[in-house]
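To keep things clear, I will list the structure first and then write my remarks on it.
The values are calculated or read from the model by the stated rules, or taken from the named source; none is laboratory data. Everything numeric in this text was worked out from a predicted model, so none of it was measured. Because the Cβ atoms are built from the backbone with ideal geometry, glycine has one as well, and the counts that use them run over all protein chains shown.
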Amino acid sequence: MEGQRDFALEEATIAELGSMLDEGSASARSLAEAYLERIEQLDGSLDSVIEVNPEALDIADAMDRERREGRVGGLLHGIPVMVKDNIATADRMRTTAGSLAMRDARPPRDAAVVHRLREAGAVLLAKTNLSEWANFRSERSSSGWSAVGGQCHNPYVLDRNPCGSSSGSAVVVAANLCAAAIGTETDGSIACPSSISGIVGIKPTHGLVDGDGIVPVSHTLDTAGPMARTVADAATMLAAIAGTAPEEVTRTGVRGARLGVARNMAGFHPRVDAVFEDALAALHGLGAELVDPADVPHATELEEPELEVMLYEFKTDLEAYLASLGGEAPRMLAELIAFNEAHRDEEMPFFGQELFEKAQERGPDTEPAYREALATCGRLAREEGLDVVLSERRLDAIVAPTNAPAWLTDHVNGDHYVGGNSSPAAIAGYPSITVPMGFVAELPVGISFIGGPRREAALIAFAATFEQATSHRRVPRFLPTLG
């Protein structure tokens, strides 16, 4: 791929970019221009960017003026970042969730996350591609595909899938198209694409980050979170969008920590297991006390009640979001279903809308089926799940491989998802962080650190220690295929 080499800002961290701005060796405009040129060079083969912000350079100029005037207070002042295109921006960019039906919708205000980024001084460079409707439309979807953005590609091996639904946010970070990005997760949508694209992703405690203005799937599960090339950058981004102090990243964070090895959330791929064993050996060598095994109860029993919760909440939550919009946009799920049918060639060339149709059939959240599914999720994921193993084994965190390597993108059969560990933390509302663990051939895989509620600081320290000791992050080579 032309333009993949000799990029002056390759692997530059937020701290390094900030130092360049402080020293005057770069300006916010020059950084934005460099990344915009990088997007122009590479994204034609990645399809990770849905829309470049036409106001990006104006924002950068404003940040440069503030710097000259001595008004630099935000964590991200002048730093170019991107957000997933299901996160509302009340500017000249659209917020489509990847759907053609949303091209003329106009959010009334920035999402809370975008407001925080602007307050922190970030230069909002672009919106990223995603699995349309955050991968909640079809049971046979191809992750990373949207009618607006097309099929996003894995930057390591282009015919492999980037996972989703925050596909583009992972790819733009991995390919050095920006400093960092924001994704969203309902279940696995930060963890999986981050792992598969060889970057760091943080799924925060549910409620830590304000979800206002994000196109919803489920208010019980949805959260935004940072995606970055280093743990330190992810921690800085989390601090910016959560409005908290940035977590200190230390090299000694894992010494003496009791880490439970969730063997029942591994075992789905022998080559991933081999990499995981190397990771456990590294953690032990860094001074962690491994509690092995420390299986998570009910980890494989969550799919059915979780889906029921999402089917009930999706219709209500989405229609509330649609009602808030200006411009021309559907207001009801039934209208979206009809739009997709009327534009089948563009919207459904590869897969349908079975999940939309099932959600349309569900009634209000007062129905016993919803209440029972919600209670079952909380009981199995929290009270009888993560809470049990964390408490009884006196664990500081749980570790497990994040997921299998990237599969071949397949528009006929859909995703070939082999296994992963995102559901217990997602359904419990507890935090997790994935960090590069190594490679299977040319394909990166991650290790997840999972903890109790509001334990982000500890997880960040554990992940940073592992990252700094092992240095598994590798720049993608944009190979066309594994051969």
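Selection of the range 322-374 for residues being in contact with a Pro (Cβ under 7 Å, 6 or more places away or on another chain), farther than 21 Å from ALA105 by Cα and either at pLDDT below 95 or not in a helix (DSSP H, G or I) (or both) yields an empty set. Looking across the range 340-361 at every residue that is of a type in the set (A, V, I, L, M) and surrounded by 15 or more Cβ atoms within 10 Å (Cβ to Cβ), the one that is farthest from ASP415 (Cα to Cα) is identified as ALA359. Against the criterion of being closer than 27 Å to ALA373 by Cβ and of a type in the set (Asp, Glu), ASP292 does not qualify. Out of all the residues in the range 142-161, is one or more crowded, with 24+ Cβ neighbours inside 10 Å, modelled with pLDDT of 95 or more, of a type outside the set (Lys, Arg) and within 19 Å of HIS219 (Cβ to Cβ)? Looking through the range 142-161, none of the residues is crowded, with 24+ Cβ neighbours inside 10 Å, modelled with pLDDT of 95 or more, of a type outside the set (Lys, Arg) and within 19 Å of HIS219 (Cβ to Cβ).
The set of residues in the range 33-58 that are in contact with a helix residue (DSSP H, G or I) (Cβ under 8 Å, 6 or more places away or on another chain) and more than 24 Å from GLY164 (Cα to Cα) comprises GLU33, ALA56, LEU57. When each of ALA239, ALA232, ALA281 is tested for being surrounded by fewer than 16 Cβ atoms within 10 Å (Cβ to Cβ) and in a helix (DSSP H, G or I), the lone residue that passes is ALA281. From the list VAL445, VAL435, VAL440, the one residue that fits, being closer than 17 Å to ALA279 by Cβ, in contact with an Asp or Glu (Cβ under 7 Å, 6 or more places away or on another chain) and of a type outside the set (D, E, K, R), is VAL435.
On the stretch given as the range 325-358, residues that are of a type in the set (D, E, K, R) and either touching a Cys at 6+ places or on another chain (Cβ under 8 Å) or within 24 Å of ASP212 (Cβ to Cβ) (or both) total 3. Within the range 196-214, is there a residue that is out of contact with any strand residue (DSSP E or B) (no Cβ under 9 Å at 6 or more places or on another chain) and either acidic (Asp, Glu) or farther than 29 Å from LYS315 by Cβ (or both)? Scanning the range 196-214, I find at least one residue that is out of contact with any strand residue (DSSP E or B) (no Cβ under 9 Å at 6 or more places or on another chain) and either acidic (Asp, Glu) or farther than 29 Å from LYS315 by Cβ (or both), so the answer is yes.
Taken together, the residues in the range 54-69 that are outside any helix (DSSP H, G or I) and closer than 23 Å to GLY243 by Cβ amount to 0.
Of all residues in the range 436-483, those satisfying the criterion of being of a type in the set (A, V, I, L, M, F, W, C) and part of a loop (DSSP other than H, G, I, E, B) are ALA441, VAL475, PHE478, LEU482.
Given the criteria assigned to a loop (DSSP other than H, G, I, E, B), of a type in the set (Gly, Ala, Ser), within 23 Å of ASN403 (Cβ to Cβ) and touching a Lys or Arg at 6+ places or on another chain (Cβ under 8 Å), does ALA299 qualify? In short, no. Restricting the range 106-132 to residues that are over 14 Å from ALA88 (Cβ atoms) and acidic (Asp, Glu) leaves a set whose member that is surrounded by the fewest Cβ atoms within 10 Å (Cβ to Cβ) is GLU119.
Which one of VAL435, VAL445, VAL418 is β-branched (Val, Ile, Thr), over 16 Å from ALA170 (Cα atoms) and in contact (Cβ under 8 Å) with a residue 12 or more places away in the chain? The unique qualifying residue is VAL418. Here GLU10 fulfils each of the conditions (1) part of a helix (DSSP H, G or I); (2) within 22 Å of the chain's Cα centre (by Cα); (3) surrounded by fewer than 18 Cβ atoms within 10 Å (Cβ to Cβ) apart from (1).
Residue-wise test of (1) closer than 19 Å to ASN86 by Cα; (2) touching a Leu at 6+ places or on another chain (Cβ under 9 Å); (3) surrounded by fewer than 19 Cβ atoms within 10 Å (Cβ to Cβ).
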site: ARG271; (1), (2), (3): no, no, yes
site: PHE276; (1), (2), (3): no, no, no
site: ALA338; (1), (2), (3): no, no, yes
site: ASP365; (1), (2), (3): no, yes, yes
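Residue count for the range 21-48, restricted to those that are in a helix (DSSP H, G or I), of a type outside the set (Val, Ile, Thr) and buried (at least 18 other Cβ atoms within 10 Å of the Cβ): 11.
Being hydroxyl-bearing (Ser, Thr, Tyr) and farther than 30 Å from VAL254 by Cα is the requirement here; does THR409 meet it? Yes; evaluated as a whole, the condition is true for this residue. In the range 167-200, of all residues being closer than 18 Å to ARG116 by Cβ and among the small types (Gly, Ala, Ser), the one that is surrounded by the most Cβ atoms within 10 Å (Cβ to Cβ) corresponds to SER169.
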